[in-house]
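**Student:** Sharing a structure, written as structure tokens. Questions coming.
The values are calculated or read from the model by the stated rules, or taken from the named source; none is laboratory data. Quick caveat: nothing in here was measured; it's all calculated off a predicted structure. A quick note on method: Cβ atoms are made from the backbone with ideal geometry, for glycine too, and the neighbour counts reach across all protein chains shown. Side chains included, ligands, DNA and RNA excluded: accessible areas come from the protein's heavy atoms. Shrake-Rupley method; radii C 1.70, N 1.55, O 1.52, S 1.80 Å.
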Amino acid sequence: MIKIKKYIVISSALFLFASVSCNYHKKSNKIENVSENLSDLQNILDVSKFKPQKVKFQHIYIDNSKGILAGPSDRFIQAEMLYDKKKIDSLKNTVSKSESNSQFMEINAFLNNWFDHKTSDELIKSQNKLKVYDDFLFNTSGNIVVLDDKILYRK
């Protein structure tokens, strides 16, 4: 009985120690950046075929290469890319020939606290008729939504 209690106490202490060190690591390995610099976006996402006039994006990088259990690093990108009328009409035509992603219908996933009110309002107001597409413009595994004058991207 005493051996079982010792085992439980030691196991609990090790678990607590591992949890504390993992939480500390999670805080120190996350880099979050919001930018309006097109060249910075081009370093992360290949927009050369459909180069926007203006961008605003958030890039979150989580470095998992260090710590108790090292693994691959994670990247999350959300972008708002503004296009001229001719380009957005061409993109809408291309998108209309594609199938929307029926498994991903939650448009709220595209809402961000760094969007301006106009974009957020447009997204909410058009929510029922907007479609989410698998990204075929930038050659990633992300998703896109096409609005009146912009593309919203997330991965």
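**Student:** Between LYS86 and LYS118, what length in nm is gained on full extension when 0.36 nm per residue of separation is reduced by their alpha carbon distance?
**Tutor:** Here the answer is 9.4 nm.
**Student:** As an exercise, use a Förster radius of 25 Å and the Cβ-Cβ distance of SER65 and SER141 to find the FRET efficiency, rounded to the nearest 0.05.
**Tutor:** The calculated FRET efficiency here is 0.75.
**Student:** Another one. Given the protein chains as shown and a 1.4 Å probe, how many square angstrom of ARG75 are accessible, to the nearest 10?
**Tutor:** Its accessible surface works out to 130 Å², give or take rounding.
**Student:** Round to the nearest 10 and report in Å² the accessible area of SER141, as given by a 1.4 Å probe over the protein chains' heavy atoms.
**Tutor:** Approximately 90 Å² of SER141 is accessible to the 1.4 Å probe.
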